[in-house]
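Undergrad: Submitted below is the structure of interest, expressed as structure tokens.
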Amino acid sequence: MYWECPYCGQGQTVTSPNFSQIQMPFEIKAPECGEVGLRGIAVRCANPECNQLEIRAEIVRADRTRSGNYYILPGPETLHHSRLLPPSFAKVLPDFIPAVLRDDYEEACKICDLSPKASATLARRCLQGMIRDFCGISKNRLIDEVNALRKLLADDNAPRGVSEESVEAIDAVRDIGNIGAHMEKDISVIIEVDADEARTLIELIELLFEEWYIAREKRRMRLSKVVAIKEAKDSTKLIAKEASNERPNE
Ligand SMILES: [Zn+2]
């Protein structure tokens, strides 16, 4: 099974010592939703520096034999799933992303299933915050900011790190259900969306965190490494030069 660690983000193939599953039917006869049971899944990250545990709970279909024994039906279908650990599906974001953006993102993830419209409202605020902070564009409506960003890109004036793909991704999400309306309305207007739509908006934010903030930090790190190497070389040269200058006076 392929799995991406929610703590460190490392993708990996999960094998038995790092994976465990338990399941149990509830012994309740014919409720409205039909017989159900609970499945618990735990996965440990194989990255030794991480070693964290993810735990998920799923409500699955169960059935009853003629003699009244309950059992879980085989098959991957789940009626509901929820992650218990870490407490939401939010990715752990690095500190160099502004705290206000991280807070909105984490909150949007936390309430995505409970209240998609509240989640989408937070996600929209987070997206707007990113465009303001990273791209330096500030207008009343998110849609106007997206349009301004597209124009900057067309004029070859987009902030460094903003690719055509990232603006295309924003446009693609705008075409989904009510999310587009979400971007066109004032931030105080709350629009009905379903959990899938809210999650799509969250995925867009994750993509932009990656393409904008994380990529910028990686560039910065690479650059500072190169600068450090150059400085080390320069100082070696300087020492060698000083040494050769001193020699005639010895
Ligand atoms: Zn991990």
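The values are calculated or read from the model by the stated rules, or taken from the named source; none is laboratory data. Just so it is clear, the model here is predicted, and its values are computed rather than measured. Reconstructed Cβ throughout: ideal geometry from the backbone, glycine too, with neighbour counts over all protein chains shown. Side chains are part of the model used for accessible areas, which takes the heavy atoms of the whole protein and leaves out ligands, DNA and RNA. Shrake-Rupley method; radii C 1.70, N 1.55, O 1.52, S 1.80 Å.
Undergrad: How many of the residues making up region 145-165 are open to solvent by 80 Å² or more (accessible area, probe 1.4 Å) and assigned to a helix (DSSP H, G or I)?
TA: Total satisfying the criteria: 5.
Undergrad: Can you confirm whether Glu32 is surrounded by 11 or more Cβ atoms within 10 Å (Cβ to Cβ) and free of Cβ contacts under 8 Å to residues at least 12 places away in the same chain?
TA: no
Undergrad: Out of Pro98, Pro116, report the one residue that is in contact with a helix residue (DSSP H, G or I) (Cβ under 8 Å, 6 or more places away or on another chain) and within 19 Å of Ile214 (Cβ to Cβ).
TA: Matching residue, one of Pro98, Pro116: Pro98.
Undergrad: I'm checking my understanding of the structure. Among residues of region 43-84 that are under 17 Å from Gln21 (Cα atoms) and among the polar types (S, T, N, Q), which one is modelled with the highest pLDDT?
TA: Among them, the one singled out is Gln52.
Undergrad: Scan region 90-113 for residues that are open to solvent by less than 60 Å² (accessible area, probe 1.4 Å) and of a type in the set (Asp, Glu) and report the count.
TA: 1
Undergrad: Let me ask something else about it. From (1) at pLDDT 90 or above; (2) touching a Pro at 6+ places or on another chain (Cβ under 9 Å); (3) within 30 Å of Val92 (Cα to Cα), pick out the condition that doesn't hold for Trp3.
TA: Answer for Trp3: the failing condition is (2).
Undergrad: Can you pull out the residues in region 54-89 that are over 18 Å from Phe26 (Cα atoms) and open to solvent by less than 50 Å² (accessible area, probe 1.4 Å)?
TA: Hits for region 54-89 are Glu54, Arg83, Pro86, Ser88.
Undergrad: Do you know which residues across region 129-144 are in contact (Cβ under 8 Å) with a residue 12 or more places away in the chain and open to solvent by 30 Å² or more (accessible area, probe 1.4 Å)?
TA: Scanning region 129-144 gives Arg132, Asp133, Gly136, Asn140, Arg141.
Undergrad: With (1) open to solvent by 90 Å² or more (accessible area, probe 1.4 Å); (2) hydrophobic (A, V, I, L, M, F, W, C); (3) free of Cβ contacts under 8 Å to residues at least 24 places away in the same chain as the list, and Met24 as the residue in question, which single condition is left unmet?
TA: Answer for Met24: the failing condition is (3).
Undergrad: Related question: Got at least one residue in region 64-86 being of a type in the set (A, V, I, L, M) and either touching a helix residue (DSSP H, G or I) at 6+ places or on another chain (Cβ under 9 Å) or within 16 Å of the ligand (Cβ to nearest atom) (or both)?
TA: So far as region 64-86 goes, yes, one or more of its residues are of a type in the set (A, V, I, L, M) and either touching a helix residue (DSSP H, G or I) at 6+ places or on another chain (Cβ under 9 Å) or within 16 Å of the ligand (Cβ to nearest atom) (or both).
Undergrad: Does Gly177 count as open to solvent by less than 60 Å² (accessible area, probe 1.4 Å), at pLDDT below 90 and within 18 Å of Arg216 (Cα to Cα)?
TA: Considered against the rule, which asks whether it is open to solvent by less than 60 Å² (accessible area, probe 1.4 Å), at pLDDT below 90 and within 18 Å of Arg216 (Cα to Cα), Gly177 comes out as no.
Undergrad: Can I ask one more? Could you list, in sequence order, the residues of region 187-230 that are open to solvent by less than 60 Å² (accessible area, probe 1.4 Å), β-branched (Val, Ile, Thr) and assigned to a helix (DSSP H, G or I)?
TA: Within region 187-230, Thr200, Ile202, Ile205, Ile214 meet the criteria.
Undergrad: Show me the strands (runs of 3 or more DSSP E) entirely contained within region 1-62 in which 1 or more residues are away from the ligand (no atom under 16 Å from the Cβ).
TA: So the answer is 19-25, 36-44.
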